[in-house]
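Below is one structure, written out as structure tokens; the observations come after it.
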């Protein structure tokens, strides 16, 4: 196996094992982040606010919306993203930028990760 492939595989395993509910500190950190976003922005974020919260550019978030990787609420004049989607958006960005997973195949990868989580939940 080439070094690049080994590196990508080890990164994938690290991302897969880095779950927000892994231990109590992660749970605290995750809930703290959400409460901080809520305190600053409320329950819903505009594209610009979500970009600020995730560290991504607004055009990237619009691309995620166009690929139906994140859900938006369209009953308001501008699209809104629920504040609890911020960690999911960060995970999508890590998968794309760290592992080179394309936006077109991201939906399949996210479905597989969700399926793995469900299967692990049944076995424990």
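Matching residues to (1) at pLDDT below 85; (2) over 16 Å from the mean Cα position of the chain (by Cα); (3) closer than 19 Å to residue 79 by Cα:
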| site | (1), (2), (3) |
| --- | --- |
| 29 | yes, no, no |
| 32 | yes, yes, no |
| 38 | yes, yes, yes |
| 49 | no, no, yes |
| 52 | no, no, yes |
| 57 | no, no, yes |
| 65 | no, no, yes |
Provide a single number: the residues in the range 87-96 that are surrounded by fewer than 16 Cβ atoms within 10 Å (Cβ to Cβ) and closer than 17 Å to residue 62 by Cβ. 1
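Look at the range 97-106 and say how many of its residues are under 20 Å from residue 57 (Cα atoms) and assigned to a helix (DSSP H, G or I).
Qualifying residue count for the region: 6.
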Subset of the range 66-84, residues in contact with a helix residue (DSSP H, G or I) (Cβ under 8 Å, 6 or more places away or on another chain), within 17 Å of residue 48 (Cβ to Cβ) and outside any strand (DSSP E or B), comes to 70, 72, 78, 79, 83
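The values are calculated or read from the model by the stated rules, or taken from the named source; none is laboratory data. Predicted model only: the values in this text are computed from it and were never measured. Virtual Cβ from ideal backbone geometry, glycine too; neighbours counted across all protein chains shown.
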